[in-house]
Every structure is written in C-alpha cells, then in structure tokens.
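See below for the structure under consideration.
Here, each number is a calculation from the coordinates, and none is a lab measurement. Keep in mind it's a predicted model, so treat the numbers as computed, not measured. All Cβ positions, even for glycine, are placed from backbone atoms using ideal geometry, and neighbour counts span all protein chains on display.
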Amino acid sequence: MLVEKGWFIPTLQFGCEDVFLVEDWDETPAGPYKAVFHFTPEDYRTLYVNSEAGRDLVSTIHRFDEMRVTAVDSRRVDGRWSIEVDTGDKGDLRIEVDYRETPLLKAVNLVARRTPDVIARNPLYCGLLPRLAAPILGTDPSQKLMGVTEMGRNTRFRLERVFKVESARCVWGGNEPGPLVDCCFKHDMGVYSTISKAMVSYLYLFVD
C-alpha cells in the first residue's frame, strides 16, 4: 500500500473554463512533491509536477493527457496558500488561496484527528464525515473519501484537518481567467469527481 501525507485542494474553478487541483505532499514513497492538475471543460487534463518521481507516482493513480515536470512552488503563511507554476509557453501560473479553521471546523477536525484508523477506514464513517463538514464548508455532502480511481486504483482519504476557503485569486500568463466560482464540471476520476466548493485539507491518502 502507498501512503501519501500532505496538503490538498480538490477543486478550484476560476471563470468558466479553468479548474485546478493542488497537491503538496510532505511524505510519499516518491519523496515530497508538489503538483497542480488543470482541467478544461472538455476534460483535457494537464499535470504540472516538480519531480519525475512524483509524476511517475501520480500518473498511476489518475489519467492525464499531458504531463510536465517543471518548477512548482508552494507556500503557506498565516492562512494564505500561494502556488506558483512555470507552465512553459502558457506563462507563469500563480494561485493564492485564503483559508481558515472556523470554530465549528475545529470541533470536526478534533474528531477526525482522534478517530482510530480502524473506524476511519469504515465505509460508514467515510460517508458520514463529508456530511458533517458540508453545512460548514458549503461542500457536497456526497463527496467521496474512498473508492476506485479512473486508473483502477483502490484509494482512501483520511482527513486530519479541513479548512474553509475564504477567497482565491488566479493569474496565468499575466491574465486573470476569472473569479473563483462554484465548480460546474464533473470530471471522470473514477468514484471521485470535482466538488462544487473549494476547500483546503491536510490528509493521508492510502493507495492499494
């Protein structure tokens, strides 16, 4: 089993066309790595990742039409997550996300962190936790924490901390693709799909 531990944003949609997924892994079998997925409305997928080992690992979990090993910088300071990516001929990509842990989320996160893994891997628990967080975050109560990806990998997320996104901005190649909006696309990622509201989480990902 592969185990990855780190920071994760499952969905950020700016304007009507650009959807991103952000990963910043502290620990993985491939070593720490940072990655940004970009999805178009037609579900063309580009992976930007800062190491070849990271590329080789994540491409066994999810499908991509294009993969680029490039500079990816990721920093979190005082509730602001800044991501910078050299996307080549499309120019520099910069995303800033402001997030916070609300009082209600502190209670949810306390339960999540202290839940024994024998319970956390139970399908009933994996279905319950998104429902508990949904009213607080505005996220989808049917969000999946376990299942099979489009590449046929059995996976499970264990959430340690969840944060509410207050605002986010994006500049790509000197242009702003648009404001942060609710995601309106449902990309095929196996049992998973993009979620309507942005959120930030610190978690474990288990991959069989």
Cα-based helix-to-principal-axis angle, 123-137 vs the chain, degrees rounded to 10: 60 degrees
How far is helix 103-114 tilted, in degrees, relative to the longest principal axis of the Cα atoms in the chain, given as a value from 0 to 90 rounded to the nearest 10? 70 degrees
Which of G54, G178, F163 sits farthest toward the positive end of the charge dipole of the chain, with +1 on the Cβ of Lys and Arg and -1 on the Cβ of Asp and Glu? F163
Where nothing but the Cβ of Lys and Arg (+1) and of Asp and Glu (-1) is charged, how large is the charge dipole of region 67-182 around its Cα centre, in debye to the nearest 20? 680 debye
Going down the table (K5/K144; K34/K106; K144/K197; K5/K197; K144/K164; K164/K197), which pairs top 20 Å between alpha carbons? K34/K106; K5/K197
In 5 Å bins starting at 0, how do the alpha-carbon pair distances of region 128-208 split up by percent? 3, 13, 20, 23, 20, 12, 8, 2, 0
Considering the Cα positions of the chain, please state its Rg to one decimal place and its Dmax as a whole number of Å. 16.0, 48
Sorting Y33, G147, P135 by the position of each Cα along the dipole of region 2-207 (Lys, Arg +1; Asp, Glu -1; all at Cβ), the one nearest the positive end of that ordering is P135
What 222 nm value per residue comes from the helices of the chain, counting each DSSP H run with n ≥ 4 as -39,500 (n - 2.57) and dividing by all residues, nearest 500 deg cm²/dmol? -5500 deg cm²/dmol
Let me know the charge dipole size of the chain about its Cα centre in debye, to the nearest 20, where only the beta-carbon of Lys, Arg (+1) and Asp, Glu (-1) is charged. 1000 debye
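Add +1 for every Lys or Arg and -1 for every Asp or Glu among the other residues with Cβ under 11 Å from the Cβ of G88, and state the total.
Here the charged neighbours net out to -2.
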Most fluctuating residue of D43, D89, D65 in a GNM of the chain with Cα springs under 10 Å: which is it? D89
